[in-house]
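The values are calculated or read from the model by the stated rules, or taken from the named source; none is laboratory data. Remember, it's a predicted structure, so these values are computed and weren't measured experimentally. All Cβ positions, even for glycine, are placed from backbone atoms using ideal geometry, and neighbour counts span all protein chains on display.
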Amino acid sequence: MIHSLFLVNASGDIFLEKHWKSVVSRSVCDYFFEAVERATEPENVPPVIPTPHHCLINVLRQRVYFVAVIQSEVPPLFVIEFLHRVVDTFQDYFGVCTEAAVKDNVVVVYELLEEMLDNGFPLATESNILKELIKPPTILRTVVNTITGSTNVGEQLPTGQLSVVPWRRTGVKYTNNEAYFDVVEEIDAIIDKSGSTITAEIQGVIDACVKLTGMPDLTLSFMNPRLLDDVSFHPCVRFKRWEAERILSFVPPDGNFRLLSYHVSSQNLVAIPVYVKHNISFREGSSQGRFELTLGPKQTMGKAVESVLVSSQLPRGVLNANLSPSQGTYTFDPVTKLLSWDVGKINPQKLPSLKGSMSLQTGASKPDENPTINLQFKIQQLAVSGLKVNRLDMYGEKYKPFKGIKYMTKAGKFQVRT
Amino acid sequence: MLLSVTGEIFELKAELNNEKKEKRKEAVKKVIAAMTVGKDVSSLFPDVVNCMQTDNLELKKLVYLYLMNYAKSQPDMAIMAVNSFVKDCEDPNPLIRALAVRTMGCIRVDKITEYLCEPLRKCLKDEDPYVRKTAAVCVAKLHDINAQMVEDQGFLDSLRDLIADSNPMVVANAVAALSEISESHPNSNLLDLNPQNINKLLTALNECTEWGQIFILDCLSNYNPKDEREAQSICERVTPRLSHANSAVVLSAVKVLMKFLELLPKDSDYYNTLLKKLSPPLVTLLSGEPEVQYVALRNINLIVQKRPEILKQEIKVFFVKYNDPIYVKLEKLDIMIRLASHANIAQVLAELKEYATEVDVDFVRKAVRAIGRCAIKVEQSAERCVSTLLDLIQTKVNYVVQEAIVVIRDIFRKYPNKYESIIATLCENLDSLDEPDARAAMIWIVGEYAERIDNADELLESFLEGFHDESTQVQLTLLTAIVKLFLKKPSETQELVQQVLSLATQDSDNPDLRDRGYIYWRLLSTDPVTAKEVVLSEKPLISEETDLIEPTLLDELICHIGSLASVYHKPPNAFVEGSHGIHHNCILMLIVYNTGHYCPSGDLLGDLLNLDLGPPVNVPQGSSMQIGAVDLLGGGLDSLLGGDLGGGVGGSPAVGQNFIPSSVPNTFAPSPTPAALSSGLNDLFELSSGMSIATGGYVASKTVSITGHYVHMFYCLYFFCCVFSFGVIPTTPLAMHTPLMPSQSIDISLPLNTIGPVMKMDPLNNLQVAVKNNIDVFYFSTLIPLSVFFVEDGKMERQVFLATWKDIPNENELQYQIKDCHLNADTVSGKLQNNNIYTIAKRNVEGQDMLYQSLKLTNGIWILAELRIQPGNPNYTLSLKCRAPEVSQYVYQMYDAILKN
């Protein structure tokens, strides 16, 4: 099981270590540092690094590497999922999961890690349970604690720990009972030079914010559940009911949680809401290159495409770019060669464009690589897969909750090749 | 540094003893904070333990955190905490009961574990499931510290009972604990899986946490269903896990299903439905974070080799995004080629061509290579691949061209007489090739198709100019190519071939090159016709897929989907083998002393130094190795150096090694004795060690002792560690906290066992030891007599012996002479038996005594021996047979040593 955890910052310092079994010397991280040195970018460090006696598994978040040390055969995904949970928990407790946040709350971090694993076995990883055991630090609570002498550690056995619904605590009370669901879909796509789609798929999630008194039992049904053939559920969802009736039936956790994530694969036709016209060219022997980019809406079902951001890694040979955008602002970093253009909203009547020239090193040959254009955008009130919630019902409690559903489509990894 | 920490510690000490509870809590928090960043706050132990008696849960937890970290280094102090623990185990609050039993298990101190047994027994039967599930994990912890005790106390049975517990979390933890324990007992059937408890596990699977589900699924995958009906019913109940949000649950479920698929009839509807169900969850894993993708891709790589039909429709999800991390890109590329088929080759090729213009050089190279692999794999696409490669060569990007030429050579080998028309284009790029692989490939092409290249002789001659600067690979290829050219066009190239033959045979030091040169030379000079037949013979076509994992290994890896093995693509025993050792006792003797030449300059040690400037202790270099010398434990330095004690091996080589300091510590400064300056740090300490076994030979979990004699200057010795081919590690690290005064010596014992990680050492019985003291860490290595690892149950049955002897191939038999030995057969048997070498049979053949003997090592290797004793002849003949013949030599040394004293 998980033996130890080291937190390493971008400059290669170990700023926190935690051992759940015997102490493993820091020197084991040398293998990790070697791997970091070999990698060209911090993101390129391989997640699983074998060493003669241990295996190091790491994830990188907010410029902090979480390096887990394991000594026996443990499923690597088990370790990775656990590390993700650690990151989520820190984020939940401290707002961000940065080196500074961890250092400022080092004792809480230590208490949390101790609660999350016992002898390398996960113990309490649900944020609901953890928050009952160790209350998150807030300014108010620190003040109250100093006055009253109370602590931020719960005195009682967390109620959810052993119940049939470990994700929900008992005795929840709200004056306003509300349940909000966000259907968020991200389009991952690769579009080739000519504008035709090479791959496109939709990663969807339904995130919920449920603040309901007592033990509500909810059902959520869809107009077109057949779209959902590849789904991952929160443990609260009753799988049998879904298999039989295609209805989501569950006792929700309290607060924010991800009810379900789904995948609509490339087999189904995915609507591409934006098109890009581009002309990025260099001529042999010339130190100038041309750059032209025009964006336009495609299949948007009449909704506006907003928060559009274009970025592209220009070839290394490009010294500078002299461009003029028809709307929004652009920046070009001559060191990283990263071009980014904050477009804003696309107006179908007046298509946004970015045109101009790029200067190359004099005498340098024409760059070999073709830059890829990365696109971000948002479309409100649209789930591009066509998924629609039919109704939400509550059983088990008497009050009438306030219900709300929101749809949104975003670009995920949306790339246009040139 | 040292002083500033000391100042901080004084402050904390005062705060810890403050009468206000709040102040104390804040102080403990500060202590923990210091501990987490690696500062040594162990000296505050008594003060922190004093804070443990409190009704404040947070304070208690903090103190527990501290205890877990430092109890090991302060075992005597830790005992002070035992009472509070035992009391807490009776607390009415289950949270406190669980916390106490959990913490006690984390304190890896023998004295504490003794007190843990009773509370643990109660907690395993506690009315509260939270306590029971915590206790289950505690059994695994205790087993790690003292396996024998766990077995003796019947805790394993209690764990097995918990599998039938009513609470799913308790079941999951019991399974997890048993799985971990069984890792160190490979043969024991701890988790006796039968249809009843499988049913219990399946029930718990639905209700326990995600982590519990992983434990249970991994456990299920070890079960062998009795028939296909059972296999199908398990699959049906596992399938819902494929929709879990936790990717580890999904992959563990995939493992169970992939394994049980084998048992289902291939033509059944269910089989096909199941195959279809496996595809979406695998695709979904690829939309996770990059690290999840990486592990998923490594596993998918195995799955597509075993059952390509599962993902054959999904090739697009493996298309590379430009901002994927490189490790994801490379894995995706590999899978794309495996899935490439006639149906999708156009898309795949278009993608590969796109990748070949990316920025990352490694990735571009692999993409170009992939195009070649596609050509070889999908015959219909070969032409397209070749034209794509030609397009890439036109880009003139140096590494692209080189990589392309390497793969084109393979395409030529696969499809002879088809694409040779492009040779002219290839030759244009000759000058730009600077990598050995590419040069060799080009030379091979020129040689192979010399008859179609008009200026082949000129081309090859151009390479010949810098012959000696080329890599061996290029030299060998060039030699062969020129010989081929000569055989094809003998008239014009006679001079060239002579030149290359003389370069290869006369001017080169490389034996391979010389040999090959001579062979060609002889062939050409004796029989040119045969030479032609040999050199220009028809070559077998290269196989379609060269990089497939070998089928038996693939099957094994499929059974380990989701595990480390599946990521490494190596069978689990390749990196954890031997970690399943048995506890074994041996005694390591260590003598460290200081010759007094060097001393630290720090104030703290100044006084010690002044005492220390007398003449260096005169100790001979090296030491002797002792076997079976129990009395050495009590003996001092002199008695050890006296040599022949008890069963000491007189003839063994001196094994004391000088210290090799890991670094030159800044605190060292030359002492006022300038003469010593030149002698280097090796003079700082000399160290010798001995190793012996207790009279009982190997007795599981009995403790092992180290005797250390430290003379002079050792202010404090902290830590001790051994690594070894047989997985020897100390069960607990050793720590001494009382300073050693000059000339003072202390005996300490260090229990060792063989459950540590295994690394093959050279020599095999090499033992590495690290000693950390207040000055620095020092490493040394020594040899352990192999007999320490001879186990007591090394006696083989006669029949087994006969069969095994025959079974081991004859080339594994090694013969040795034991010279100058004047013992009769019975004495020999007796002496050897005392060292766990057992005589199985004795025969008298033509006046000679033949002894047949067996012994077994802790890692399970058997060694069979035949010892021939001729009356009147002091030289015995020893024949050893073993499946791992590399140990034979060491066994022989032990025979020699045992018989000679």
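Overview of results
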{"item": "Failed item in (1) surrounded by fewer than 17 Cβ atoms within 10 Å (Cβ to Cβ); (2) of a type in the set (A, V, I, L, M); (3) more than 10 Å from every other protein chain (Cβ to nearest Cβ), with B:Val37 passing the rest", "result": "(3)"}
{"item": "All positions within the stretch B:244-271 that are more than 8 Å from chain A (Cβ to nearest Cβ) and touching a Phe, Trp or Tyr at 6+ places or on another chain (Cβ under 8 Å)", "result": "B:Leu261, B:Leu264, B:Pro265"}
{"item": "Among the candidates A:Leu309, A:Leu323, A:Leu339, residue that is buried (at least 16 other Cβ atoms within 10 Å of the Cβ), more than 32 Å from the chain's Cα centre (by Cα) and at pLDDT 90 or above", "result": "A:Leu323"}
{"item": "Qualifying residue in the stretch B:291-306 (condition: hydroxyl-bearing (Ser, Thr, Tyr) and under 34 Å from the mean Cα position of the chain (by Cα))", "result": "yes"}
{"item": "Positions within the stretch B:110-131 being buried (at least 21 other Cβ atoms within 10 Å of the Cβ) and of a type in the set (Val, Ile, Thr), in sequence order", "result": "B:Ile112, B:Val131"}
{"item": "Number of the condition not met by A:Gly386 [criteria: (1) surrounded by fewer than 19 Cβ atoms within 10 Å (Cβ to Cβ); (2) out of contact with any helix residue (DSSP H, G or I) (no Cβ under 8 Å at 6 or more places or on another chain); (3) not charged (D, E, K, R)]", "result": "(2)"}
{"item": "Wholly within the stretch B:515-609, helices (runs of 4 or more DSSP H) carrying at least 2 residues that are away from chain A (no Cβ under 14 Å) and at pLDDT 80 or above", "result": "B:528-535, B:551-558"}
{"item": "Count of residues meeting criterion [over 17 Å from B:Gln153 (Cα atoms), more than 9 Å from chain A (Cβ to nearest Cβ) and at pLDDT below 90] in the stretch B:105-126", "result": "2"}
{"item": "Elements of type strands (runs of 3 or more DSSP E) contained in the stretch A:261-366, each with 1 or more residues being of a type in the set (Lys, Arg) and touching a residue at least 12 places away in the same chain (Cβ under 8 Å)", "result": "A:274-282, A:288-297, A:353-360"}
{"item": "Residue, surrounded by the most Cβ atoms within 10 Å (Cβ to Cβ), within the stretch A:251-264, restricted to residues that are touching a Cys at 6+ places or on another chain (Cβ under 9 Å) and more than 13 Å from chain B (Cβ to nearest Cβ)", "result": "A:Pro252"}
{"item": "Residues within the stretch B:802-821 that are part of a loop (DSSP other than H, G, I, E, B) and surrounded by 14 or more Cβ atoms within 10 Å (Cβ to Cβ), tallied", "result": "2"}
{"item": "Qualifying positions in the stretch A:389-418 - over 28 Å from the mean Cα position of the chain (by Cα), crowded, with 16+ Cβ neighbours inside 10 Å and in a strand (DSSP E or B)", "result": "A:Met394"}
{"item": "Condition met for B:Val400 (assigned to a helix (DSSP H, G or I), facing another protein chain (nearest Cβ under 10 Å), in contact with a helix residue (DSSP H, G or I) (Cβ under 8 Å, 6 or more places away or on another chain) and not hydroxyl-bearing (Ser, Thr, Tyr))", "result": "yes"}
{"item": "Per-region count, the stretch B:40-66, residues facing chain A (nearest Cβ under 10 Å) and acidic (Asp, Glu)", "result": "2"}
{"item": "Qualifying residue in the stretch A:214-237 (condition: surrounded by 15 or more Cβ atoms within 10 Å (Cβ to Cβ), free of Cβ contacts under 8 Å to residues at least 24 places away in the same chain and aliphatic (A, V, I, L, M))", "result": "yes"}
{"item": "Selection from the stretch A:68-119 of residues that are of a type in the set (Ser, Thr, Tyr) and either under 21 Å from B:Tyr66 (Cβ atoms) or at the interface with chain B (Cβ under 10 Å from one of its Cβ atoms) (or both)", "result": "A:Ser72, A:Tyr110"}
{"item": "Members of the stretch B:135-160 found to be farther than 13 Å from B:Leu190 by Cβ and at pLDDT below 90, listed by number", "result": "B:Lys141, B:Leu142, B:Asp144, B:Ile145, B:Asn146, B:Gln148, B:Met149, B:Asp152, B:Gln153, B:Gly154"}
{"item": "B:Ser252 buried (at least 22 other Cβ atoms within 10 Å of the Cβ), in a helix (DSSP H, G or I) and either more than 34 Å from the chain's Cα centre (by Cα) or among the polar types (S, T, N, Q) (or both)", "result": "yes"}
{"item": "Which listed residue, of B:Thr388, B:Thr480, is among the hydroxyl-bearing types (Ser, Thr, Tyr), part of a helix (DSSP H, G or I), farther than 30 Å from B:Ser508 by Cα and touching a residue at least 24 places away in the same chain (Cβ under 8 Å)", "result": "B:Thr388"}
{"item": "Index of the failed condition, B:Pro281 passing every other in (1) at pLDDT 90 or above; (2) assigned to a loop (DSSP other than H, G, I, E, B)", "result": "(2)"}
